[in-house]
Amino acid sequence: MNILLVLIPVTLLVIVVAVALFFWAVNHQQFDDLDSPAVLPLMDEPPPQDPAGKTDPPPQNT
Amino acid sequence: MNTTAAWANPQLAAQVLRERRDGCSEIALHVDALHDARQVLWLEQRINALPGVKRVAIDRPAQRVRVVWQTQRTSLPMLLESFAAAGCSAHPLRHDEIEDARAAEMHDALKRMLVAGMCAMQVMTYAFVIYIGVVDFVDFSTRNLFRWLGLLTTIPLVFYSARSFFTGAARELRNRRLGINLPVALAVALVFAASVINTLRGSGEVYFDSVSMFVFLLLGARYLELRSRHRGGAQGDALIDATPLLAQRRRADGELETVAALDLAGGDQVHIPDGGTVPADGVLESASVQVDEALLSGESRPRQRRRGERLIAGSVLLTGPAELRVEHAGVDTGVARLGAIAARARQARASIVGSDRDVARFVGRVLLLTVLTALGWLLVDPSRAFDAAIAVLVVACPCAFALTVPVTLTRALGQLARHHVLVTDGNALLALARIDRALFDKTGTLAVPRLDIDATEPLRGDSREQVLAWAMALASESSHPLARALAAAARREVTPTRAQAVQVTMAAGIEGMVDGRTLRLGHARFALAAGPLAAGQIDARLADDALLLADDRGPLARFHFHEQPRADAGATLEQLRREGVGLCIASGDAADRVAALAARLDIDDWHARQLPADKLALLHALQADGHIVLAVGDGSNDAPLLAAADVSAALTSGTDLAQAQADLLLLDGRLDGLIQARTIALRLHEVVAQSRRWALLYNLIAVPFAAFGLVPPWLAAIGMSLSSLGVVLNALRVGRERACDPGRGHGGPTPAAQVSA
């Protein structure tokens, strides 16, 4: 059972690291928008630069 | 309307930029066209690619974008240009709208939940060892070690994750109010303290697993609730942002142009119609006006302001139009107080949360029940008293019950915002489901007047254009629907002139100096009052419903209007009638016109020639008969009516004074928002009643078991969290099936009376 004395501190350390990573992610807005990134792979190329600056939606929008 | 270049003005920019300590600036923008996720990503990439941009945060439900960037490298106009070029024109919001509170709250909740989850898992494994150890190979000292490990891992959970419950409970105690945080905090503290004591003693039960699971599940439910509340709030914000306070600025040539109040700079001349909101701090340039500063001071008393005195942004004009010279004493004055309606709409969301009296009663009973259980078990079997009492405290905690109204209402407000209805009083929405009489104003609300320009009769030989120009000079100073219709029609025909010393008399007419002589425009009785004819001698032919223009020698011209009911008026009224709401028109207009419109809309109960006081009397008569009355209006003369009605709705095409009194604001001149609001209100009642029944039923079933010691604390924790979750999910049903058939109304005749239980 003595292996517990090593393993338990290790698990605690893992938790501390995991929590730290998670806090970093939250603070860097990784969880703010959970919808948009899902379509990221579906995007072709960025919309063409529209020199007229008109307010119509991007053409790919159809 | 306003070009992006105007934002190069540092004074204007100061209103919307927030300087950060790292030298960057921060801005919040309202963006209209954020339809799908791809667009959001493109916009984000594009703005991120600009030089000097540090961070872009796009909040899609709220249609807001926050940008942190260095203004030295990309100027504000350039930033706005980039948005326009990306197909999403952006409008800056006031700098105090840059709120991190919502994001910060979410982040905090997420972190607490995760820490609780991590700790709960660990504690659970340790607890397993202890449970196994009872029957199997783990020796006594190892079990003790695991108790200490449980204690160690529960400490961050109790002191970090559960802190919000403790602070909430402390706040509730300070306000001498029983809330849902109190039982939770009590349960967590008691269980933890007991377990710590038992760990120190080295004997007795420890409940670290129960307490950590309880906190984790509860935080999960709270996180979901927070998310749905924020989403509702964000939808409301999007609507509020899309309807900024507007001002009428006088250009150098004397014509008026409409700009956002935020775009006003010091020195601008602004015209404020009667019943309008003062868009910025400034000096009055008209002779004298009465203003209501209730929205600022909370004191609703008309105050007289004379030429040269200051008007404060956010106050509402009660009389006559006013000319104002804008002066900005500083960045924060004026603009910070604007958007009183926006503030009220947000307050409606805030006021509901935690103001439930039923909850306090419920909590009181739960605490009593806990004490009784403990006492009962102390007499029978003292060793089980603590277990049973904790189980009762946890099982009976009225979280689900208390969450019901706030969660469901926020969802409803968010849904209504999507249908262009802004609610400024959440309780009014609840009352809307119970109305059985609706009182409508006619002109401007049910019908839109239009000037019949060919029928204009000059009475003293002036040309038609001439009398139109005079009338328009007066009419453009007023916010009455007839005056607006006249000004709008005449603007296409003649070049405008300006009227001086204008005074508007409510429900009568307008008087002012045009081309050096005093003219009066209004109903015959008003227009001719200054003339040679005494009131009794007015030609019967003139005393009809047309508007009369007169000088002090007699009538000059008559203007005829024809009225069109609003496009959706018929359908809206029909739907209301089908739902059993009695309809009634109260108008200041002449009898035959009211009768004509009432006949077209199939309404029997109409009242013509109603002064504001008459309308109020009508309302009081209805209320005295026990009716719950909805009042719908748009003009300043409806304001007393709107204030006194059980539920009031105003069209935002009307005056600010009317809007200031209304509980519901119908945007875009759409009456059918009323139907949608009522449908959602009925649905709201239904869902609230259902959720509360669930919560009560669950408690009634679970509490006896808990009291007799049959429910272990960990099971109590699961049951309680699940019931909260059920309520949050149930709230999402409000406004869910709307998409299928907007005209259908609610499903079946839901008796609204069952609700207030």
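Is at least one residue of the stretch B:172-189 at positive phi and not hydroxyl-bearing (Ser, Thr, Tyr)? Looking for residues that are at positive phi and not hydroxyl-bearing (Ser, Thr, Tyr), one finds at least one in the stretch B:172-189, hence yes. Name the pairs whose Cβ atoms lie under 9 Å apart, with the first residue in the stretch B:118-143 and away from chain A (no Cβ under 11 Å), the second modelled with pLDDT under 70 and not in a helix (DSSP H, G or I), and 6 or more positions between them or separate chains? As it stands, the answer is B:Ile130/B:Val138; B:Ile132/B:Val138; B:Gly133/B:Asp139, since those pairs meet every condition given.
Would you be able to tell me the number of residues in the stretch A:6-36 that are facing chain B (nearest Cβ under 8 Å) and either of a type in the set (A, V, I, L, M, F, W, C) or surrounded by 12 or more Cβ atoms within 10 Å (Cβ to Cβ) (or both)?
So the count comes out to 14.
Regarding the stretch B:252-265, can at least one residue be identified that is of a type outside the set (Asp, Glu), closer than 16 Å to B:Leu311 by Cα and not in a helix (DSSP H, G or I)? Yes. Take the conditions (1) buried (at least 24 other Cβ atoms within 10 Å of the Cβ); (2) closer than 24 Å to B:Asn181 by Cα; B:Val423 misses just one of them, which is (2).
Here is a yes/no grid of residues against (1) aliphatic (A, V, I, L, M); (2) touching a residue at least 24 places away in the same chain (Cβ under 8 Å); (3) surrounded by fewer than 17 Cβ atoms within 10 Å (Cβ to Cβ):
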residue: B:Ala170; (1), (2), (3): yes, no, yes
residue: B:Arg176; (1), (2), (3): no, no, yes
residue: B:Ser210; (1), (2), (3): no, yes, no
residue: B:Met213; (1), (2), (3): yes, yes, no
residue: B:Gly232; (1), (2), (3): no, yes, no
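Any chance the stretch B:75-87 includes a residue that's out of contact with any helix residue (DSSP H, G or I) (no Cβ under 9 Å at 6 or more places or on another chain) and at pLDDT below 85? Checked against the condition, which is being out of contact with any helix residue (DSSP H, G or I) (no Cβ under 9 Å at 6 or more places or on another chain) and at pLDDT below 85, the stretch B:75-87 yields no hits at all. In the stretch B:1-20, the qualifying residues are those that are within 14 Å of another protein chain (Cβ to nearest Cβ) and not in a loop (DSSP other than H, G, I, E, B), and the one that is nearest to the chain's Cα centre (by Cα) is B:Thr4. For the stretch B:614-660, the candidate set comprises residues that are touching a Pro at 6+ places or on another chain (Cβ under 8 Å) and outside any loop (DSSP other than H, G, I, E, B); within that set, the residue that is surrounded by the most Cβ atoms within 10 Å (Cβ to Cβ) is B:Asp638.
The values are calculated or read from the model by the stated rules, or taken from the named source; none is laboratory data. Everything numeric here is computed off the predicted structure, so don't read it as measured data. Positions of Cβ are backbone-derived with ideal geometry, glycine not excepted, and every protein chain shown enters the neighbour counts.
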